[in-house]
Amino acid sequence: MRRTLGLVILLGVALVACGGDDESAAGGGAPRPVVHRIAGAPEAGEQVDRIEVTTPSAPALLSVVSGVVAVGTADGLWVGSTVEEDALAELPVVPDDGGPKSTGAIHEIARRTNGGILLSGEEGLFHDATGMLLQSPLSESVAGEDVSSIDAYGEAADEEIWFVTAASGVLHVGGGKLEAIAVPGASAAPDAAVAVGPRAALVTAGGSAFLVSLDDLVASPIADGLGKVHGCDRSDDGTVHLATDAGLLLRSKDGTLTLHTFAVDGAPAPSVTSVTAAFGSTMVVVDGGLVEVDADGARALGEIATPAAHGVAVDANGDAWAVDGESLYRYRTGRPVSFETDVRPFFAEHCTLCHTEGKQGAPKFDLESYEVATARADLILRRLRGVDIAPMPPTSVEVLTAADYAAVTRWVGGGLKP
């Protein structure tokens, strides 16, 4: 893609403070969305084993690729092994004609919908491909840019990429076009952008979060008073997570806003320095510790003396990984899942009745069969997530969260074990 920028100017509406109410904006704008606060310090969780994992050089940031941990370092990208516990192997760059032979230092990593990654390194943009890294066709488009945030949304020809760079601010790539996005009302340069749907994203700048719609040409401020935004992620069900000085801000698919302060009501909130939301788990680093967050509350799992931004990840087994200073640790928070033990019972509870008998218009197929479920695994996971596609089960029957169908997510990400 050649670097040809189209400039999209957006119109700002209705500034909303965290903890706001339903009053309309001055001038008769749309009703303000409510930011629901959840106060309370994390409870002490069960003792979790913490294992130090040897790395070839100091880990800088973490993600996951094809269900295993991905570790960004000053020397390149290293990934976990699917056959040898706590072993890391380099993901090498295979250069094209005249292309770079290494990534150089890793700056940012984005998880892609297909389970792969897109990363920004000292030598450009790269994506994974069957045990190696290739230079991305987008590399030329952002050459010379200091990329501080990347997010990937959608699949194949519908994939969109959101960048934040020091020189150009917010950049959007989609449909073969590269656009620079101006966000009126931002009091400082943007620091993060994470997609919430096709041609729509949350953009943070100057301690405020804006809902940006490229189709409607609107940038609606939805929350302020966030302070610095240290990281962001999007869970399997489309919920966006922002790690901020004011706490963990969540925006669900339906637009509901929730702020976890991790402090007793009325006390100052400690800064959330990192967040990951994958395979049905949400983990944050807050107040010197690793904390698991779910619908039942927040539980402290262990101390982290020297946390890093983007320094936490969850793999397909449900194990958490965290950077502490110059060391990498794995926390035994999960376990492998299998079809027989975990997935078949999930299907029996939520899916099998309709698909066996064709109820509710459901297509008939046998989810009791490992072979049938494996052949349909990607489609089943897409329908469970319900992001840009009708969900399964239908919302008229029940509404499932990413935590509810975590067994299926981990089963697919972990290699479809029988």
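The values are calculated or read from the model by the stated rules, or taken from the named source; none is laboratory data. Keep in mind that this is a model prediction, so the values were computed, not measured. In this analysis, Cβ positions are derived from the backbone assuming ideal geometry, glycine residues included, and neighbour counts consider all displayed protein chains.
Table for the structure above
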quantity	calculated
Some residue of region 376-388 being farther than 30 Å from Arg50 by Cβ and among the β-branched types (Val, Ile, Thr)	yes
Test: residue in region 222-232 that is buried (at least 24 other Cβ atoms within 10 Å of the Cβ), of a type in the set (Gly, Ala, Ser) and either outside any strand (DSSP E or B) or in contact (Cβ under 8 Å) with a residue 40 or more places away in the chain (or both)	yes
Selection count, region 174-190, where residues are touching a strand residue (DSSP E or B) at 6+ places or on another chain (Cβ under 9 Å) and surrounded by fewer than 19 Cβ atoms within 10 Å (Cβ to Cβ)	10
Selected residue (criterion: farthest from the chain's Cα centre (by Cα)) from residues of region 234-267 that are more than 14 Å from Ala209 (Cα to Cα) and not in a loop (DSSP other than H, G, I, E, B)	His260
Qualifying positions in region 305-330 - touching a Leu at 6+ places or on another chain (Cβ under 6 Å) and at pLDDT below 95	His310
Positions within region 146-199 being part of a loop (DSSP other than H, G, I, E, B) and hydrophobic (A, V, I, L, M, F, W, C), in sequence order	Ala166, Ala167, Val183, Ala186, Ala188, Ala189
Residue check, Asp378 in contact (Cβ under 8 Å) with a residue 40 or more places away in the chain and either in contact with an Asp or Glu (Cβ under 7 Å, 6 or more places away or on another chain) or of a type in the set (Asp, Glu) (or both)	no
Unique residue being farther than 21 Å from Val218 by Cα and either under 21 Å from the mean Cα position of the chain (by Cα) or among the hydroxyl-bearing types (Ser, Thr, Tyr) (or both) when the list is Leu171, Leu134, Leu118	Leu118
Scope region 283-293; condition more than 14 Å from Trp321 (Cβ to Cβ), part of a strand (DSSP E or B) and out of contact with any Gly (no Cβ under 9 Å at 6 or more places or on another chain); matching residues	Val293
